[in-house]
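Bear in mind that the values in this text are calculations on the coordinates, not laboratory data. From a predicted model like this one, the values you see are computed outputs, not experimental measurements. So basically every Cβ, Gly included, is an ideal-geometry build from the backbone, and we count neighbours across all protein chains shown.
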Amino acid sequence: MTKNTAEKTKKKLGLSTQIFIALLIGALFGVAIHYWIPSGYIKDTVIVEGVLYVIGQGFIRLMQMLVVPLVFCSLICGSMAIGDTKTLGKVGVKTIGFYLVTTALAVCVALGSALLINPGRGLDMDAIQKGTVSDAGEATSLVDTILNIIPKNPIQSMANGDMLPIIVFALFVGIMLAKLGTRGSVVANFFSQFNDVMMEMTMAIMKIAPIGVFCLIARTFATVGFSAFAPMLKYMGNVTLALAIQCLVVYQILLFVFTRLNPLKFIKKFLPVMGFAFSTATSNATIPMSIDTLSKKMGVSKQISSFTIPLGATINMDGTSIMQGVAVVFIAQAYGIPLTMGNLATVVVTATLASIGTAGVPSVGLVTLAMVLSSVGLPTEGIALIMGIDRILDMIRTAVNITGDAVCTTIVCHQEGSLNREVFYK
Ligand code: ASP
């Protein structure tokens, strides 16, 4: 192959394709290591916990590094541009409304499918690896979750990476800058230029996404293998099926009904972001890539997405609430505790609230599951049953979590008249 043709082929392979090839080869490579290379210094220390871990985590850190400054600046710019509090309030109420409704729908899909499939019936409890519930940490109470929205100290919230208080503070700053007009122009320009710097940095870091994704996936499969899954296949299949229904049916119907956009095109364009969420299991780290993809490929205005995407990554976890819905039925059946209609209704409410309280980082869904289980009197020890295999499900549900944010954002953007359909159909 001449140098020119080689260059052309390289150019043709877009970033999305590269990420998918990396996902696939990474998974195969991980499985191969798990089964074919015997445990020892080379496999455990050098490959899995050395090269794969360092590069994978390094990549997640690079993305995380962007989140706080990017969300802060782009939110200030967005709210400043929207300007009046009335429109902002309207977008906010609509978005939160959509988020809550889609989460409640998600729990219904989960409960419905679990009651048909009966994932916990006839379970061989001994065959399942048990962990300890205390490993899952502690959930924050509902009252604290609400109060924590208001930052006592915005700098501290930024240092801790707490999204909701950062969102509140940034919205305030943006609104005040809009109010000040030319008197605040130096500060306004600063934030808008800093925002450009962050977006540029996002694109630069995304270029190495395929390598990062490869290492993350390879390490997961090299560590877990398939053996842990066997006794839990029914539960895993149930969660995966409910996630697929939510992502491929519920969201796409909503998208089509509200915007008339082509759902297949939407999925195709959003797939790389889903692949990224899948490999990192972290909604938060996906924020920069989501905002970028929505604006460049779907024509969604950044003014809206810079507000709704970080908000969604923090409070809208449809995938997580699906896992929790199925887990409730699974644990109830495994322990032989019957669930009443009243119990099921309670689960819809508590799982929706738990989704708000779940942070967009790996495994937190398991922690907030404790709140859902106790709301209907199920033993929280049941979490230990599903802990061993949660990592893979965490990856799938994170992809669904962020797809829900993107669908709601696109719908709200369309309703506000700021969706560029030409970009979407380009
Ligand atoms: N990993 C999920 C996310 O980041 C949260 C969870 O369900 O544990 O969206």
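Within the range 350-371, the set of residues being over 11 Å from residue 321 (Cβ atoms), near the ligand (Cβ under 7 Å from one of its atoms) and not in a loop (DSSP other than H, G, I, E, B) comprises 364, 366. Return a yes/no flag: does the range 393-401 have any residue that is within 22 Å of residue 226 (Cα to Cα), within 15 Å of the ligand (Cβ to nearest atom) and not in a helix (DSSP H, G or I). No, that holds for no residue. When 266, 278, 270, 256 are screened for being farther than 21 Å from residue 111 by Cβ and free of Cβ contacts under 8 Å to residues at least 40 places away in the same chain, only 256 passes. Pairing residues of the range 64-75 that are farther than 16 Å from residue 308 by Cβ with residues that are assigned to a helix (DSSP H, G or I) and β-branched (Val, Ile, Thr), at Cβ distances under 6 Å and at least 6 apart in sequence or on separate chains, gives 66/202. A single entry from 422, 381 fulfils the requirement of being farther than 24 Å from residue 290 by Cβ, part of a helix (DSSP H, G or I) and charged (D, E, K, R): 381. Suppose we keep only residues that are within 13 Å of the ligand (Cβ to nearest atom) and of a type outside the set (Gly, Ala, Ser) within the range 402-418. Which one would you say is surrounded by the fewest Cβ atoms within 10 Å (Cβ to Cβ)? In this case the residue turns out to be 403. For the range 252-292, filtering for residues that are in contact with a Pro (Cβ under 9 Å, 6 or more places away or on another chain), β-branched (Val, Ile, Thr) and under 26 Å from residue 70 (Cβ atoms) leaves 4. Examine the range 327-340 for a residue that is assigned to a helix (DSSP H, G or I) and aromatic (Phe, Trp, Tyr), and state whether such a residue exists. Checked against the condition, which is being assigned to a helix (DSSP H, G or I) and aromatic (Phe, Trp, Tyr), the range 327-340 yields at least one hit. In contact with a Leu (Cβ under 6 Å, 6 or more places away or on another chain) and crowded, with 17+ Cβ neighbours inside 10 Å: is that true of residue 396 in this structure? For residue 396, the condition - in contact with a Leu (Cβ under 6 Å, 6 or more places away or on another chain) and crowded, with 17+ Cβ neighbours inside 10 Å - is met.
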